Amino acid sequence: MIPRLRPDLGWPELLAAFALPRPDDLARFETAFAREMGQREAIAFPYGRTGLLLLLRALGLQGREIICPAYTCVVVPHAIVLSGNVPVFVDSRAGDFNMDLDLAEEAITGKTGAIIATSLFGYPVDLDRLEALRRRHPDLLIIQDCAHSFAAEWQGRPVQQGGTAAIFGLNISKLLTSVFGGMVTTDDPALAARLRELRDREVRAPGAAKSLRRLLYLLAVYPAFLPPVYGLINRLERSGWLNRFVRYYDEGKIEMPGDYLEGMTGVEARVGLAQLGKYRRLVERRQQAAAVYDRLLAKLPGLQLPPLVPGATYSHYVVVAGERSPWLAALLARGIQLGWLIEYCIPEMAAYRDCRYLSRAHLAEAWARRTINLPLWGGAALAERVAGALLAAAGREPAGQS
Ligand SMILES: *Cc1c(COP(=O)(O)O)cnc(C)c1O
């Protein structure tokens, strides 16, 4: 079974996890992360959502409207609500999957405090439009959600530098992982100091039990992605049994994990540090895989391909199908698991149904049902194999074999 995702974990991460703890593990990860992202400050959190929640508070936002995509990870509006603010949802634009910034501008009212500009799936958000929008609304704060786009570039400019601050998610499914964890970066030293102070007050030091849990989780990840084990996991997942353990949201609830205010562990910081060194190489491999899909699948009927964008980091390569399930089934029969990543449109969820939502074409609703993501972790070679299977499933011979 070829899994839809696979974290790039090897010996360096394992050795780092078991290395002798140092009191400055967290600080070293923060410093290295800030340097890699070209930002003055990085502040580590147990989750990306914890970082966002405390960032909104450090920015002094209370009872304000925060504009965010309708098509993004649901933990984003959760953090907005739990910070004492109100999310306002904006639909995506056609083309890449990012929020429509013209609609976002229409969503601005006297109560708007910030806009969460998200480079979804690694497609860089349009920094020029964002800059123009900020010139027209000078009080508007811009938060870059870089959970999918560490160091993605809009025409040569890194997106994380295009706002007041940027948030990152570091769980096992992200481009770069510290097991769990999140990071906030900023070039504003005063904001960084406020956020650090808030973190040190609100987030307690991780206990030994949490460090052990994280270590065990990491150890479980290594064999989990080996073929026979992963096949079993996939069967459990499809049977619905695994959902009890891995489901990260509940339609009707706005909640955080139990340990969201227990700090990032040293284990996680050391693993993250080990990952940082290979980040650029990981992204290059994904870009090569995306280019292969773009070339080989161009003539495949029934699947709409995403654009090939320079500067995108391709956290996911997402195609849009008329109907998703026949493709998933056909590829599964060929031993390949495809993913469906964001299978909801947030304003359709029970917890957010009453929120303001600006949309013209209702793309988020369509994508929630019709997007499929293809594996990227294995670079060009794996992409060729997956593309071959898709072509075969559609009754087309892969190029070069006919
Ligand atoms: C993963 C993710 C986050 C942060 O997630 P955490 O699980 O809280 O670390 C934020 N935004 C997007 C778009 C994400 O995919």
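The values are calculated or read from the model by the stated rules, or taken from the named source; none is laboratory data. Just so we're clear, the structure is a prediction, and the values are computed from it rather than from any experiment. Quick reminder, even Gly has a Cβ in these numbers, built from the backbone with ideal geometry, and neighbours come from all protein chains shown. Quick note on the areas: whole protein, heavy atoms, side chains included, nothing else; ligands and nucleic acids left out. Shrake-Rupley method; radii C 1.70, N 1.55, O 1.52, S 1.80 Å.
If I ask for residues that are among the polar types (S, T, N, Q) and out of contact with any strand residue (DSSP E or B) (no Cβ under 7 Å at 6 or more places or on another chain), which ones from the stretch 1-55 would you list?
Going residue by residue through the stretch 1-55, those that are among the polar types (S, T, N, Q) are 31, 39, 50.
Residue satisfying the conditions is 31 alone.
Kindly evaluate residue 174 against the criterion of being within 21 Å of the chain's Cα centre (by Cα), basic (Lys, Arg) and over 28 Å from residue 152 (Cβ atoms). Lay out the reasoning, then the answer.
Working: within 21 Å of the chain's Cα centre (by Cα): yes; basic (Lys, Arg): yes; over 28 Å from residue 152 (Cβ atoms): no.
No, not satisfied.
Any chance the stretch 159-166 includes a residue that's within 12 Å of the ligand (Cβ to nearest atom) and buried (at least 24 other Cβ atoms within 10 Å of the Cβ)?
So the first thing to find is which residues in the stretch 159-166 are within 12 Å of the ligand (Cβ to nearest atom), and the list is 166.
Retained after the next criterion (residues that are buried (at least 24 other Cβ atoms within 10 Å of the Cβ)): 166.
Checking the stretch 159-166: at least one residue is within 12 Å of the ligand (Cβ to nearest atom) and buried (at least 24 other Cβ atoms within 10 Å of the Cβ).
For residue 300, are the conditions met, namely being open to solvent by less than 30 Å² (accessible area, probe 1.4 Å), over 22 Å from the mean Cα position of the chain (by Cα) and closer than 22 Å to residue 173 by Cα?
Working: open to solvent by less than 30 Å² (accessible area, probe 1.4 Å): yes; over 22 Å from the mean Cα position of the chain (by Cα): yes; closer than 22 Å to residue 173 by Cα: no.
No; evaluated as a whole, the condition is false for this residue.
If you go through the stretch 86-106, how many residues are open to solvent by 10 Å² or more (accessible area, probe 1.4 Å), outside any loop (DSSP other than H, G, I, E, B) and out of contact with any helix residue (DSSP H, G or I) (no Cβ under 9 Å at 6 or more places or on another chain)?
1
So, restricting to helices (runs of 4 or more DSSP H) that lie completely within the stretch 312-402, which ones have at least 1 residues that are free of Cβ contacts under 8 Å to residues at least 40 places away in the same chain and open to solvent by 60 Å² or more (accessible area, probe 1.4 Å)?
Numbers: elements: 325-333, 363-370, 379-393.
Output list reads 325-333, 379-393.
Taking residue 73 as meeting all but one of (1) of a type in the set (A, V, I, L, M, F, W, C); (2) without any contact (Cβ under 8 Å) to a residue 60 or more places away in the chain; (3) near the ligand (Cβ under 9 Å from one of its atoms), write down the number of the exception.
Against the list (1) of a type in the set (A, V, I, L, M, F, W, C); (2) without any contact (Cβ under 8 Å) to a residue 60 or more places away in the chain; (3) near the ligand (Cβ under 9 Å from one of its atoms), residue 73 comes up short only on (2).
From the list 177, 185, exactly one residue is within 16 Å of the ligand (Cβ to nearest atom) and either more than 17 Å from residue 29 (Cα to Cα) or outside any loop (DSSP other than H, G, I, E, B) (or both). Which is it? Give the steps one after another, and end with the answer.
Values: 177 fails: either more than 17 Å from residue 29 (Cα to Cα) or outside any loop (DSSP other than H, G, I, E, B) (or both).
Result of the check over 177, 185: 185.
Select from the stretch 129-146 the residues that are open to solvent by 20 Å² or more (accessible area, probe 1.4 Å) and either touching a residue at least 40 places away in the same chain (Cβ under 8 Å) or near the ligand (Cβ under 10 Å from one of its atoms) (or both) and list them in ascending order. Give the steps one after another, and end with the answer.
From the stretch 129-146, those open to solvent by 20 Å² or more (accessible area, probe 1.4 Å) are 129, 131-132, 134-139, 141; that's our starting set.
Hit for the stretch 129-146 is 141, nothing else.
Would the stretch 117-127 turn up any residue that is surrounded by fewer than 24 Cβ atoms within 10 Å (Cβ to Cβ), more than 15 Å from the ligand (Cβ to nearest atom) and on the phi > 0 side of the Ramachandran plot?
no
Of all residues in the stretch 224-277, which are basic (Lys, Arg), at pLDDT 80 or above and exposed (fewer than 14 other Cβ atoms within 10 Å of the Cβ)? Break it down into steps so the answer makes sense when it comes.
Looking only at the stretch 224-277, we keep the residues that are basic (Lys, Arg), and these are 235, 238, 244, 247, 253, 270.
Add one more test, that the residue is at pLDDT 80 or above, and what stays is 235, 253, 270.
Selection gives 235, 253.
Suppose the filter is more than 12 Å from the ligand (Cβ to nearest atom) and in contact (Cβ under 8 Å) with a residue 24 or more places away in the chain; does residue 84 pass it?
Details: more than 12 Å from the ligand (Cβ to nearest atom): yes; in contact (Cβ under 8 Å) with a residue 24 or more places away in the chain: yes.
Yes; evaluated as a whole, the condition is true for this residue.
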